[in-house]
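To keep things clear, I will list the structure first and then write my remarks on it.
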Amino acid sequence: KTDNAPASLSFTLKNTPTTVYNTLKIFFKRSPKAFDISLDIDGQTIDVKADTLDKTPYITVQVPDVKQNITLNFVQNRPEQSFFEFYGISLESNANKGAIVHNGGVGAAKYNSVLRQELFEEQLPHFQPDLVIIDFGTNDYLMTDRIESNLENQIKEVIQKVRKAAPQASILLTTAQDLYWRKINIKSGLEFSEIIHRVASENNCAVYDWYWVAGGQTVMRDWVKAKIAQNDMVHLNERGYRLKGDMLFEALQKTVNWMDTNPSQNKLVLQTDSLKAGQAHL
């Protein structure tokens, strides 16, 4: 949020898109007091009025093909304009094919951060999501190695909030990978995994149990040794996160294929008992 104009916000793409993206959605807090925007796309300027009567939580702008740079310059054109509250942008193609992937949230966020988002239920329906992946947990117990008594209820409240905003969407819950804090192994990952399975079962959600897929307790040492995790033993590096993303995509793809070939089945559960029994580091 900014209360000053002129002000600007810039995005630089690391690589030039191979697909033509010519629709830009700017998510912001609708208000007669919102600043206007002078949009700069790789040196080409488009003036955007924020005071439209449209009730959607975003402005849609047709833009030239984006190569590298997007800059939003906030401009005060009327005395009553006094702020701009920015929530994100969605750069999309007009072609009706492929998938649109959105990411919401910031680093170090906890489950209860979703519960504090005032415009969440207003904005989410406009994405018309088929799948919502709720991927929190690490910062709920990392520094204390303790699962707070209210965490399970917070997870359920987040699910309810998503369901209210996007009742047609499937929900996938994840668990957090083995972690170390100041070189001490965090043991609460197993308990968190069990909570996620229990909540998912009670609320008809899918689970991607990254804790066990990644190898279980103390395996972060192996990830660091393999140079796919950082030395803080909390975060992965670029190779590690790419591997994590590829494995999640493969799991989704295999699950969809299984559903196609087993139309009479309504549940697919892969037990973790063998993973627990084969735990390499205990």
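The values are calculated or read from the model by the stated rules, or taken from the named source; none is laboratory data. Just so it is clear, the model here is predicted, and its values are computed rather than measured. Methodologically, a virtual Cβ is constructed for each residue, glycine included, from the backbone with ideal geometry; neighbour enumeration extends over all protein chains shown. For accessibility, only protein heavy atoms count, side chains too; no ligands or nucleic acids. Shrake-Rupley method; radii C 1.70, N 1.55, O 1.52, S 1.80 Å.
So which residues in the range 64-80 are part of a loop (DSSP other than H, G, I, E, B) and open to solvent by 50 Å² or more (accessible area, probe 1.4 Å)? Correct list: Asp65, Lys67, Gln68, Gln76, Asn77, Arg78, Pro79, Glu80. Cβ-Cβ contacts under 8 Å between residues 6 or more apart (or on different chains), taken from a first residue in the range 268-282 that is open to solvent by 90 Å² or more (accessible area, probe 1.4 Å) to a second residue that is at pLDDT 75 or above and of a type outside the set (Phe, Trp, Tyr), are listed as Leu282/Gln217; Leu282/Thr218.
Quick check on Ala214: is it surrounded by fewer than 16 Cβ atoms within 10 Å (Cβ to Cβ) and either modelled with pLDDT under 95 or of a type in the set (Gly, Ala, Ser) (or both)?
no
So, of the residues in the range 225-251 that are without any contact (Cβ under 8 Å) to a residue 12 or more places away in the chain and under 17 Å from Val207 (Cα atoms), which turns out to be most open to solvent (accessible area, probe 1.4 Å)? Per the stated criteria, the residue is Phe249.
Every test in (1) under 20 Å from Asn139 (Cα atoms); (2) outside any helix (DSSP H, G or I); (3) in contact with a Leu (Cβ under 9 Å, 6 or more places away or on another chain) is passed by Ile171 save one, and that test is (1).
The condition (being β-branched (Val, Ile, Thr), modelled with pLDDT of 95 or more and more than 27 Å from Leu131 (Cβ to Cβ)) is satisfied by just one residue among Val199, Val224, Val234: Val224. Check whether at least one residue in the range 130-150 is free of Cβ contacts under 8 Å to residues at least 40 places away in the same chain, in contact with a strand residue (DSSP E or B) (Cβ under 6 Å, 6 or more places away or on another chain), among the charged types (D, E, K, R) and in a loop (DSSP other than H, G, I, E, B), and report yes or no. Yes, the conditions are met somewhere in the range 130-150.
Mind listing whichever residues of the range 194-232 are of a type in the set (D, E, K, R) and at positive phi?
The one that is of a type in the set (D, E, K, R) and at positive phi: Lys227.
Within the range 99-129, the residues that satisfy the criterion of being surrounded by 10 or more Cβ atoms within 10 Å (Cβ to Cβ) and among the acidic types (Asp, Glu) are Glu121, Glu122. Looking for something among the hydrophobic types (A, V, I, L, M, F, W, C) and more than 28 Å from Asn153 (Cα to Cα) - is there at least one such residue anywhere in the range 212-220? Yes.
Within the range 49-63, restricting attention to residues that are open to solvent by 50 Å² or more (accessible area, probe 1.4 Å) and modelled with pLDDT of 90 or more, the residue that is nearest to the chain's Cα centre (by Cα) is Thr60. Among the residues making up the range 83-98, those that are outside any strand (DSSP E or B), open to solvent by less than 90 Å² (accessible area, probe 1.4 Å) and not charged (D, E, K, R) are Ser93, Ala95, Gly98.
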